[in-house]
Amino acid sequence: MSELTSQQEGAAVLVGVDFGLPHFDSELEELGLLAQTAGLQPVARIVCKRKAPDAALFVGSGKADEIKELAELHRASEVIFDQTLSPAQQRNLERQLDVAVYDRTFLILEIFAQRARSHEGKLQVELARLQYLSTRLVRRWSHLERQTGGAGVRGGPGEKQIELDRRMISESIKRTRERLVKVQKQRGTQRRQRERRATFNISLVGYTNAGKSSLFNALVKARAYAADQLFATLDTTTRNLYLGTTAEGGRRQVSISDTVGFIRDLPHGLVDAFKATLQEAVDADLLLHVVDASNPNHPEQMAEVQRVLAEIGADTVPQLLVFNKLDALESAQHPLHLQDEIEVEGVQVPRIFLSAHTGEGVPALRAELALRSGSVGPAMTLEADAELHDAAP
């Protein structure tokens with residue numbers, strides 16, 4: 001962050017470039033929410049259209065000058081781009097604008113670093129951050145410009161120092177991966193224990209801020225952290241959920257997991273680093289795909305979730321669509337039926353409308369889960385007090 005006294009600490013100018021893609025956010029609403037979640041304050045927004053990114057400045061020199069004037073006018077200390085910048089583009093923009101320049105990938109990494117709580121989550125974020133920074137040594141390590149080229153000769157950048165820094169980051173990446181593998185083995189052991197108990201496994205998936213954690217709390221009274229913000233939950237939490245009695249008269253118990261939310265243009269480094277967390281979705285018997293029914297962009301958000309599920313190999317797991325935030329819909333938008341089916345990528349998928357906030361529709365979801373898990377008898381509302389696993393060391 002810039003420390004210039006003439007600038008407002010945390011004040012950010014948001015920049016979006018429209019390349020003609022269908023999901024372009026012309027209002028930069030999501031980028032603004034990401035910035036606020038990271039602790040920044042958007043003070044201005046600017047959007048431009050281009051056929052292709054400028055190789056040097058991403059937006060071209062004329063638009064860069066316009067962004068600089070806007071930043072100076074609002075005394076902004078950072079400029080945030082809604083797309084991913086190359087290391088060279090980021091470095092050139094900072095020189096041109098005289099302020100710190102970040103992209104969407106860095107912003108998401110910062111939020112994940114702030115929110116990760118478990119040992120595994122912190123390792124995953126650290127790995128993604130190291131992989132991101134490893135490509136930006138030229139920009140991050142400004143002291144390299146002062147290295148001498150040899151004995152008695154003052155020259156350009158010190159290649160030896162760059163190699164040393166790269167080796168240090170490479171070694172850090174290797175150590176972090178090794179530690180992450182150990183945690184993944186532990187989680188795999190816990191998963192196999194559940195499989196031996198023949199537990200029916202359910203995973204909550206969906207776009208960030210769709211209300212997954214709120215629904216998780218409504219189902220199991222887990223008191224998991226839930227807030228109206230992006231990436232409120234990063235670490236997977238798994239609890240027992242009691243749904244009724246079995247044919248033999250025993251209580252039917254299933255396992256339900258709350259997972260990290262997805263977002264458009266999620267950095268591939270984070271997808272790779274969070275394989276262990278997202279593995280809960282791959283190994284699930286049923287995915288509860290939670291959708292924010294009140295968001296006008298929910299079809300695009302659903303498509304993004306489906307894309308990530310396919311990327312991690314979870315697209316073949318049966319799904320139950322849960323259209324949440326029924327209470328936030330206008331009366332004219334309320335569905336005629338709270339349970340129906342819709343087509344998702346050529347497949348008919350059952351859907352339930354509910355409100356995790358008010359509880360409307362939650363009993364119907366419990367009944368549906370009881371049927372799918374093989375339970376008979378009425379679904380019960382019992383507090384699940386046994387956490388099956390935690391990613392703590």
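The values are calculated or read from the model by the stated rules, or taken from the named source; none is laboratory data. Computed from a prediction, not measured in an experiment: that's the story for all the values here. No Cβ is skipped: glycine too gets one built from the backbone with ideal geometry, and neighbour counts run over all protein chains shown. Only protein heavy atoms, including side chains, enter the accessible area calculation; ligands, DNA and RNA are left aside. Shrake-Rupley method; radii C 1.70, N 1.55, O 1.52, S 1.80 Å.
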Trypsin sites (Lys or Arg not before Pro) restricted to DSSP loop in the stretch 1-90 with at most 11 other C-beta within 10 Å: Lys51
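For the stretch 275-347, what does the accessible surface come to per residue with a 1.4 Å probe? Please give it in Å².
Counting only protein heavy atoms, the per-residue value for the stretch 275-347 is 47 Å².
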Reachable lysines, given that their alpha-carbon falls under 24 Å from the alpha-carbon of Lys221 and they are not under 8 places away in the same chain: Lys212, Lys325
The stretch 1-93, accessible surface, carbon-and-sulfur percent (1.4 angstrom probe): 50
Amide hydrogen neighbours beyond the local backbone of Asn209, cut-off 5 Å, H modeled: Phe231, Ala232
Low-density loop cleavage sites - GluC sites (Glu not before Pro) in the stretch 309-361, where at most 11 other Cβ are within 10 Å (DSSP): Glu330, Glu345
Residues of the stretch 64-103: accessible area per residue with a 1.4 Å probe, Å²: 39
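Of all DSSP beta bridges located in the stretch 1-86, what percent are antiparallel, nearest 5?
5
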